[in-house]
1. Please verify whether the stretch 207-214 includes one or more residues that are closer than 19 Å to Trp30 by Cβ and in contact with a Gly (Cβ under 9 Å, 6 or more places away or on another chain).
2. Spot the failing condition for Leu18; the list is (1) part of a helix (DSSP H, G or I); (2) at pLDDT 95 or above, and only one is missed.
3. Failed condition for His75, given (1) surrounded by fewer than 23 Cβ atoms within 10 Å (Cβ to Cβ); (2) at pLDDT 95 or above; (3) within 9 Å of the ligand (Cβ to nearest atom), with all others met?
4. Failed condition for Glu90, given (1) touching a strand residue (DSSP E or B) at 6+ places or on another chain (Cβ under 8 Å); (2) more than 27 Å from Arg181 (Cα to Cα), with all others met?
5. For Arg120, are the conditions met, namely being at negative phi and within 9 Å of the ligand (Cβ to nearest atom)?
6. Enumerate the pairs (first residue in the stretch 102-116 and touching a residue at least 60 places away in the same chain (Cβ under 8 Å); second residue anywhere and basic (Lys, Arg) and part of a strand (DSSP E or B)) with beta-carbon separation below 8 Å, excluding pairs fewer than 6 apart on the same chain, so at least 6 apart or on different chains.
7. Take Glu82 and tell me if it is surrounded by 17 or more Cβ atoms within 10 Å (Cβ to Cβ), of a type in the set (D, E, K, R) and more than 22 Å from Ile167 (Cα to Cα).
8. Within the stretch 1-15, restricting attention to residues that are assigned to a loop (DSSP other than H, G, I, E, B) and surrounded by fewer than 19 Cβ atoms within 10 Å (Cβ to Cβ), which residue is nearest to the ligand (Cβ to nearest atom)?
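The values are calculated or read from the model by the stated rules, or taken from the named source; none is laboratory data. Keep in mind that this is a model prediction, so the values were computed, not measured. Note that we place each Cβ from the backbone using ideal geometry, even for glycine, and neighbour counts take in every protein chain shown.
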Amino acid sequence: MPETEPLFTKLAGNYDRLNSICSLGIDASWRKRLAAEIGQCQRVLDVATGTAEVCIEVARKWPDAKITGIDPSSHMIRIAEEKTRKLGLEGRIDLVEGSAENLPFEDGLFDAVTIAFGIRNTVDPLLSLREMARVLRPSGSIGVLEFAVPSNSLFSPIYMFYMRNVIPLLGSIFGCRPEYRYLAESIPSFPQRTEFAELMRDAGFEPPRWFELTLGIVVLYSGVKAS
Ligand SMILES: C[S@@+](CC[C@H](N)C(=O)[O-])C[C@H]1O[C@@H](n2cnc3c(N)ncnc32)[C@H](O)[C@@H]1O
């Protein structure tokens, strides 16, 4: 996969606003579902945290949890820090610069690991999943949110038209048309459902399960670290 950190550095300032516009505000419910799926936990790592939306949802859902968010984009981390400070969550959410392929944490440190709309943007998704397994304790849980092509053959062409044409047009309002075109076009070629579940199994997660959200435009994958 190509390196996408520079692309996200360009998008950082408008990222939250564009997400809400493009998803008609549904994206918040996907992250809430992810936070619920990992179950009650004390130490959580959110990889490719971006503007810390998942960290914030996990903090709200699990009041005893301490969360670490990691992202290679210093711009994203700066925005995430401002947001968590404004919400008074800076004592519970730590933000760190770094990549999924080389997590700067010791083995078995976390009870749960999350990644939302990030695994597709890593350079090496399998290595990233293996790193997430490494920093999880045995039986610790993983939750992954990722876009997918809907399996319904009537809805799928409508959705792909929206992704290929409307999303880049919305991106152009903020001067980011090519970036949003790339993001939309990378969805069909990324492993989804059974194929992604196989990657999770290769990385050491059992049993990989998945749930379709919003007519299958997003898939939530979950599992636990095999002991
Ligand atoms: C689509 S955003 C998702 C942000 C956030 N998780 C959310 O739910 O909105 C993808 C993020 O992946 C980050 N990213 C790109 N390459 C990465 C890598 N190799 N390791 C970890 N994160 C990466 C980008 O900087 C960006 O913040």
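1. yes
2. Leu18 satisfies every listed condition except (2).
3. Exception for His75: condition (2).
4. All conditions pass for Glu90, except number (1).
5. So Arg120 fits the description; yes.
6. Sorted first by the residue in the stretch 102-116, then by its partner, the pairs are Leu109/Arg43; Leu109/Arg137; Phe110/Arg43; Phe110/Arg137; Asp111/Arg43; Asp111/Arg137; Ala112/Arg43.
7. When the stated conditions are applied, Glu82 does not pass them.
8. Within the stretch 1-15, the match that is nearest to the ligand (Cβ to nearest atom) is Glu3.
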